[in-house]
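Student: So that we are looking at the same thing, I have put the structure below in C-alpha cells.
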Amino acid sequence: MKLNKIAREDILKPLSSVSGIVERKHTLPILSNVLLEQRGQRFWMTAMDMEIQVSAFCDIPVSEEQAITVSARKFQDLLRALPEGAQISLDTQGSKMNVQAGRSRFHLQTLPATDYPRLSTGDDQSIKISLTQKNLRALLRQVEFAMAQQDIRYYLNGMLWVIDGSTLQLVATDGHRLAWAQLPVEGSFNHKEVILPRKTVIELSKLLTDNEEEIVHLEIFSNCVRFSFASIEIISKVVDGKFPDYNRVIPSGYTCHVNIDRLLLFAALQRAAILSNEKVRGVHLVLTKNELKIICSNNEQEEAEEQLEVVYDGDDLNIGFNITYLLDVLQRLTSGHVVFSFGSVNDSALITNPDQKDYKYVVMPMRI
C-alpha cells in the first residue's frame, strides 16, 4: 500500500467513524485492527466485531487496488497527535506500515487483509427504504434509551424495527418501561420485523447527523441489515429471538389525563431526584384537583416536595415510579407539553406527545 501526501483530516475522519466498534481486547487479535483498502477512487476503512461492521471512505484516486490491516487504536492515536494540516504518506513494506508526516516517522505492525473476516448480506431479496438522516436520528433518540442492558432475555438488549405498510416503527423495552415511535416512509411493504443489537443502535445513532438532505438507505435482508449514508456503510447481524408483543403492553382506554409543561415538570423532577433514594430512585406522583405533587425521600429521612398547578378533575391518585425512567423520556422529547394518562395505582402510566401521535412511552409503577 502506498499513499503520498494525504491530508491528515481526510484519513482521520473515516477512521474515527469506524473505530468506535473496535474492542481493545478480542479473542481474534486481527479484530483489534482496521482494514485499509484502496479501491478505485476511494480509500476505504473497515472495522468489525463479528456482530457489526462499519466502513467509511475518503476520495483518494489510486493506481492499484491494495489492502492491509493495522492497529485501529494506535493508528488513530497517532493521527490525532499529529498537527492539523499535516500531510501523511503511507507505505507498506513487508509486515510493517510506514507512516510519515514531515520529519516524523512511525512503523506499525500489520496483519494480512486476507485474514480479516467480513460480514456479508447474502444474495436474498431485501426490503429497501430511504429516509433522511435527521428523521432517523430523531426517531432513534426517542426510543434507544429504553433498551435493556445485559438482560438475560437477550432479545431485549436491542431494538425492534418493524416495517408495516408505509411506516417504520421502532420499539425498545427493558421490562420496566417501553418506548414506541413510528415514522411514515415512502412505499408500501409487507410486515417485517427484525431486532438490531444494542451496539448497532448506539453506533448508528452516534454516526447519524441532523442533516435534512442526506439520505439513509436502509436494506433489510433475512439475517442482517445494511445502512448506507454519506460516506459510511454499516452492516449488522440481527438478533435471533422473539420480541414481546408491544401492542399488548401499550394501554388504551385510560380516562385520567394530565397535560403538563414538559420543561417545568422535568426541572421539578430533577430537583426532587436530588433527595431520592440512590438505589430505589422512587418518586411519588400525587394528583388532586388541579394539583400535582412530586415527593421524594431517602434513608436519611430527607424529603423533597414540588407542587405544580395542572388541569385535572379526576379521582385523587398517589402512584410511585422510578424517577430516572420519567427523566429519561422528558429529556428526549422536544414538545412543549406532554400528556400523562393513568389507570389505577397498579397500572402502568402512558406518556404521549400531544403534538405527535406517533410516539408512546409506557412506564410500570413501583411500590415505594
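The values are calculated or read from the model by the stated rules, or taken from the named source; none is laboratory data. Everything numeric here is computed off the predicted structure, so don't read it as measured data. Please note: Cβ atoms are built from the backbone with ideal geometry, for glycine as well, and neighbour counts cover all protein chains shown. Ligands, DNA and RNA are stripped out before the accessible areas are found, and what is left, the full protein with its side chains, is counted by its heavy atoms. Shrake-Rupley method; radii C 1.70, N 1.55, O 1.52, S 1.80 Å.
Student: Under a point spin-label approximation (7 Å from Cα along Cα-to-Cβ), what is the Glu186-Glu212 distance to one decimal in nm?
Tutor: Rounded to a tenth, the inter-label distance reads 1.7 nm.
Student: Could you give the accessible area per residue of the range 56-153, probe 1.4 Å, as a whole number in Å²?
Tutor: With the other protein chains kept in place, the range 56-153 gives 58 Å² per residue.
Student: Just list whichever of Lys74/Lys242; Lys74/Lys279; Lys128/Lys360 have alpha carbons separated by over 32 Å in the model shown.
Tutor: On the way: Lys74/Lys242 40 Å; Lys74/Lys279 39 Å; Lys128/Lys360 26 Å.
Violating the 32 Å limit, Cα to Cα: Lys74/Lys242; Lys74/Lys279.
Student: Work out, step by step, the length gained on full extension between Asn98 and Gln125: first 0.36 nm times the residue separation, then minus their alpha carbon distance; give nm to one decimal.
Tutor: Numbers: separation 27, 0.36 × 27 = 9.72 nm, distance 4.27 nm.
Here the answer is 5.4 nm.
Student: How large is the charge dipole for the chain, taken about the Cα centre, if only the Cβ atoms of Lys, Arg (+1) and Asp, Glu (-1) carry charge, to the nearest 20 debye? Can you show the working numbers first?
Tutor: Numbers: 39 positive and 46 negative charges, 263 e Å.
In total the dipole reaches around 1260 debye.
Student: Once the dipole of the chain is set up with Lys and Arg at +1 and Asp and Glu at -1 on Cβ about the Cα centre, which of His26, Phe106, Ala304 lies farthest towards its positive end?
Tutor: Checked the options; the winner is Phe106.
Student: Still on this structure, please answer the following. Compute the angle between helix 323-332 and the longest alpha-carbon principal axis of the chain, please, reported from 0 to 90 degrees and rounded to the nearest 10.
Tutor: Approximately 60 degrees, to the nearest 10.
Student: If you don't mind, there's one more thing I want to ask. Could you work out the Kirkwood radius for the range 225-368, taking every pair of different alpha carbons, averaging 1/r and inverting it, reported in Å?
Tutor: Numbers: mean 1/r = 0.0592 Å⁻¹.
When all Cα pairs of the range 225-368 are included, the Kirkwood radius is 16.9 Å.
Student: DSSP loop trypsin sites (Lys or Arg not before Pro) in the range 1-70 with at most 16 other Cβ atoms within 10 Å of their Cβ, which ones?
Tutor: Arg24, Lys25
Student: While we're on this one: Angle check, please: helix 8-18 long axis (alpha carbons) against the longest principal axis of the chain (alpha carbons), in degrees 0 to 90, nearest 10.
Tutor: 50
Student: Now a separate question. Report, in degrees rounded to the nearest 10, the 0 to 90 angle that the Cα long axis of helix 262-273 makes with the longest principal axis of the chain.
Tutor: Orientation of helix 262-273: about 90 degrees from the principal axis.
Student: Remind me, relative contact order of the chain in percent, using alpha carbon pairs under 8 angstrom and six or more residues apart?
Tutor: In percent, rounded to a whole number, it is 13.
Student: Would you be so kind as to identify which of Ser348, Leu131, Leu78 lies farthest towards the positive end of the dipole of the chain, taking Lys and Arg as +1 and Asp and Glu as -1 on Cβ and the Cα centre as origin?
Tutor: Leu78
Student: Say each of Ala7 and Gln109 gets a label point 7 Å from the Cα, pointing the same way as Cα to Cβ; how far apart are those two points in nm?
Tutor: 3.4
Student: Shifting gears a bit: With the calculation restricted to Cα positions, what are the radius of gyration and Dmax of the chain in angstrom?
Tutor: Cα only, the chain: 24.8, 79 Å (Rg, Dmax).
Student: Let me know the charge dipole size of the range 173-234 about its Cα centre in debye, to the nearest 20, where only the beta-carbon of Lys, Arg (+1) and Asp, Glu (-1) is charged. The partial results should precede the final answer.
Tutor: Numbers: 6 positive and 10 negative charges, 85 e Å.
The calculation lands at about 400 debye.
Student: Please report, as a whole percent, how much of the solvent-accessible surface of the range 41-148 comes from carbon and sulfur atoms (probe radius 1.4 Å).
Tutor: Carbon and sulfur together cover 43 percent of it.
Student: Moving to a separate point now. To the nearest Å, what is the center-to-center distance of the range 304-321 and the range 195-264, using C-alpha atoms only?
Tutor: So the separation of the two Cα centres works out to 32 Å.
Student: Let me ask something additional. Using a Förster distance of 41 Å, how high is the FRET efficiency between Gln270 and Met50, based on the Cβ-Cβ distance and rounded to 0.05? Before the final figure, lay out the partial values.
Tutor: Numbers: r = 40 Å, r/R0 = 0.98.
With a Förster radius of 41 Å, E is 0.55.
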